[in-house]
Amino acid sequence: MSGGANVGASVKIRFHKKIYPRSAIDAATEAFAGTGRFTTRADGDHLVVEIEPEAPGDEAEVRGEFSNYVLGETIALRGDR
């Protein structure tokens with residue numbers, strides 16, 4: 001993201017580590033890189049993703065789409081077993 005971009009309010013999503021692998025979250029972060037800034041950190045049994053969408057007002061949409069992508073990646077990874 002370029003400096004000085006208009007960043008909307010941030011949202012946080014918590015993913016339980018026993019359910020969602022870090023690789024699924026990393027894949028979603030890479031896929032959504034053009035939609036905002038993403039920060040992932042560990043918090044106990046969870047991985048917390050903070051999202052700062054580039055466009056104000058897109059918080060709910062980016063949150064929902066990002067969560068769906070993580071879920072899809074998780075399902076795909078489990079199918080590889």
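The values are calculated or read from the model by the stated rules, or taken from the named source; none is laboratory data. Worth saying up front: this structure is predicted, and the values here are computed from it rather than measured. Heads up, the Cβs are rebuilt from the backbone with ideal geometry, glycines too, and the neighbour counts pull from every protein chain shown.
The table that follows gives values for the structure above.
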item: Qualifying residues in the range 1-34 (those that are modelled with pLDDT of 90 or more and assigned to a loop (DSSP other than H, G, I, E, B)) - the one surrounded by the fewest Cβ atoms within 10 Å (Cβ to Cβ); result: Lys18
item: In the range 38-81, residue nearest to Ala24 (Cα to Cα) [restricted to those that are loosely packed, with under 15 Cβ neighbours inside 10 Å and of a type in the set (Lys, Arg)]; result: Arg78
item: Complete set of residues in the range 48-79 that are in contact with a Gly (Cβ under 7 Å, 6 or more places away or on another chain) and of a type in the set (Gly, Ala, Ser); result: Ala55, Gly57
item: All positions within the range 42-68 that are under 11 Å from the mean Cα position of the chain (by Cα), assigned to a strand (DSSP E or B) and either more than 13 Å from Ala9 (Cβ to Cβ) or of a type in the set (A, V, I, L, M) (or both); result: Leu47, Val48, Val49, Ile51
